[in-house]
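The values are calculated or read from the model by the stated rules, or taken from the named source; none is laboratory data. As the structure is a computational prediction, the values presented were derived from the model and not from experiment. Cβ atoms come from the backbone with ideal geometry, glycine included; neighbour counts cover every protein chain shown.
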Amino acid sequence: MLDQKTIEGIIEAMLFVHGDPLPLSKICEAIGMDESSVYAILESMMKKYSASDRGIQLRKIKDSYQFCTKQEYASYVSKIYVKHISQTLSNAAFETLAIIAYNEPVTKATIEQIRGVSSDSSVTKLLERNLIREAGKLDAPGRPVLYETTEEFLRCFGLSSLDELPPVDTLLNADKK
Amino acid sequence: MLDQKTIEGIIEAMLFVHGDPLPLSKICEAIGMDESSVYAILESMMKKYSASDRGIQLRKIKDSYQFCTKQEYASYVSKIYVKHISQTLSNAAFETLAIIAYNEPVTKATIEQIRGVSSDSSVTKLLERNLIREAGKLDAPGRPVLYETTEEFLRCFGLSSLDELPPVDTLLNADKK
Amino acid sequence: MILQVSEQTDNPVLLKLNNFEGPFELLFHLLEKNEMDIYDIDINAIADQYLEYLSGMERLDLDIASEFLVMAATLLHIKSRMLLPDKKVQEDEEEPDPKEELVIRLLEYKKYKTAAEILKDKEEKWKDCFYKVPEAVEYRREYENTPMSISDLADAYRYLHQAFVNKSNKNRKNIVSLLKHELYSVKNKLKEITELFRRKKEFNFNRTFDLRKRHRLDVISGFLAVLELAKFHKVTLNQRNINDDIIVRKVDDIKLTELKEIMEESTEV
């Protein structure tokens, strides 16, 4: 039987090697333990990584886990490692992404209805950046394509799931301050 | 002034992202500290990483430092890189396999002549599953590859040798009924 | 691209045209500039400023997207309705109030404008995280033990045979001969004999190519192969009496290149 420290070490090794988000189910299968036990260990690991002598943090993205460096050390890391800087998104793309995140799966027609303007280029840009993807077709005349956000979206925006976005009804009150 | 814990965090973040061995001089340059101080910190970090709840270890390679996973966790790490393939054979693959089993060694041309359809993908799939293998080339124009069944084939079908296959004659008579 | 719009205050305000992707965005800009609440829009002022903006675009010879024109028409429609006496409006009660509709759509849009800002903040916060490139580990394929039965294999073969018979509408022996043909070709027998000569100098033909153990085609091909080899002076053939076995004796090693030559010859036959 493995003790908790060893399990933590094994998980750290796995996540380090894998690099990409690693599903909880895969971790459990490899260690031979049930999901709830491993989940509890991952939760306690997350807390450990928040100590200042750790440069990496453990992120949960949907049902997967991934390491990334801490924001506060970014200026040092960027001195040895030049990050590929992706173009920032336009306001239009951010709006389109917000509409998709809050209503997914959603058609381009709905997006355009809300934004009041054609959104082809925003949708294309978001698809290119792998922040959204096609999610089948709507059962309606013309069978329009449905869009949804991706894991890459969660990763880029520091979310572990869409539930972490503020509820839609709070959005209108937000600006009353 | 950075405290030692923060420096450790920064170094961890840098080594994590860099992947390759990172020269001590580069680390010092990024943090803005002299080599002997940073060296001492790296030495104490190495000890910390030897704890069992750490899956990665800090290695010194000449004047550079690099993370790698611990040997003792390798067997667990490799478990996440296993693809379980359980798919049963398609009818096409079964037909192809039957022809090879009853006539080995046999060329793809013969298989296709009997089946009346191209059998590339079936042959490829059977090769992938290690149920058949190449058995030299036929001495004929174009020197086509010959195929035969493997020990894995015998194992999968619970045979000790091909002689245990129902004889062709009994098969052919069977459909007279 | 910069557009100059003169304001009532006579302060020239520079507006970047591409700031406004759509009519809602422009409307929001105007509401903010006039410090107007969505629930309490002064349509007259907003409609005038909106149209002024569009005519500014026109002066610069810019293409005005149709969405902007549709919104202009909506604003003018609301403005004209408000000029009508209350009585007339009440008669048209069935028709939805276009101003109310506009407000609803503006509110809906505003929600996502706010959400977009939240996302922007989050992205800003998380863009400083660095990730590690995955190690290049190759996946190992592990086939799960799916038991396969011999009868499936036999069924497949039987089915093939049936299909072949149906297709060619010939005697069912054809498939056998077709299958056997390759195996029992003269070429294959030449190879077999060459292999045999690696181990011994001579062999008895009938004992090796035993009709009781081998297919008739196999024996015939074997005999033809022996004749070929004799023709090329690679073997000698001896038979004491007419019914005795034929002794095939190696004269010379059969080299691969020669074998190929013989085989090509025999293909032509």
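Data for the structure
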item	result
Complete set of residues in region B:115-139 that are in contact with a Leu (Cβ under 9 Å, 6 or more places away or on another chain) and among the acidic types (D, E)	B:E134, B:D139
Residue within region B:75-85 that is under 22 Å from A:Y81 (Cα atoms) and within 10 Å of another protein chain (Cβ to nearest Cβ) present	no
Condition broken by C:K122, with the remaining ones in (1) in contact (Cβ under 8 Å) with a residue 24 or more places away in the chain; (2) surrounded by 13 or more Cβ atoms within 10 Å (Cβ to Cβ) satisfied	(1)
Region C:203-252 - residue that is exposed (fewer than 14 other Cβ atoms within 10 Å of the Cβ) and acidic (D, E) and, of those, farthest from B:D169 (Cα to Cα)	C:D252
Verdict on A:S52 being farther than 20 Å from A:P21 by Cβ, modelled with pLDDT under 95 and away from chain C (no Cβ under 14 Å)	yes
Filter pass, B:S121 being at pLDDT 85 or above, in contact with a helix residue (DSSP H, G or I) (Cβ under 8 Å, 6 or more places away or on another chain) and not aliphatic (A, V, I, L, M)	yes
Any hit, region C:116-139, residues being modelled with pLDDT of 75 or more and closer than 30 Å to B:N91 by Cβ	yes
Wholly within region A:59-177, strands (runs of 3 or more DSSP E) carrying at least 1 residues that are in contact (Cβ under 8 Å) with a residue 60 or more places away in the chain and either surrounded by fewer than 18 Cβ atoms within 10 Å (Cβ to Cβ) or not charged (D, E, K, R) (or both)	A:64-69
Residue identified as over 27 Å from A:I111 (Cα atoms) and at pLDDT 90 or above among C:D10, C:D86, C:D48	C:D48
Residue check, B:L126 farther than 24 Å from C:Y184 by Cα, more than 14 Å from chain A (Cβ to nearest Cβ) and at pLDDT 85 or above	yes
The one condition in (1) hydroxyl-bearing (S, T, Y); (2) closer than 17 Å to A:L97 by Cβ; (3) within 12 Å of chain C (Cβ to nearest Cβ) that A:T150 fails to fulfil	(3)
Residue match in region B:25-47 (condition: part of a loop (DSSP other than H, G, I, E, B), surrounded by 14 or more Cβ atoms within 10 Å (Cβ to Cβ) and at the interface with chain A (Cβ under 10 Å from one of its Cβ atoms))	no
Residue within region B:16-34 that is among the charged types (D, E, K, R) and over 18 Å from B:F67 (Cα atoms) present	yes
Of all residues in region C:146-168 being modelled with pLDDT of 75 or more and either of a type in the set (K, R) or exposed (fewer than 14 other Cβ atoms within 10 Å of the Cβ) (or both), the one that is farthest from B:T110 (Cα to Cα)	C:S149
Condition met for B:K26 (basic (K, R) and at pLDDT 90 or above)	yes
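So that you can scan it fast, the table gives a plain yes or no per residue for (1) more than 9 Å from chain C (Cβ to nearest Cβ); (2) modelled with pLDDT of 90 or more; (3) within 13 Å of A:K62 (Cα to Cα):
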site	(1), (2), (3)
A:K137	yes, yes, no
A:V145	yes, yes, no
A:L162	yes, yes, yes
A:A174	no, no, no
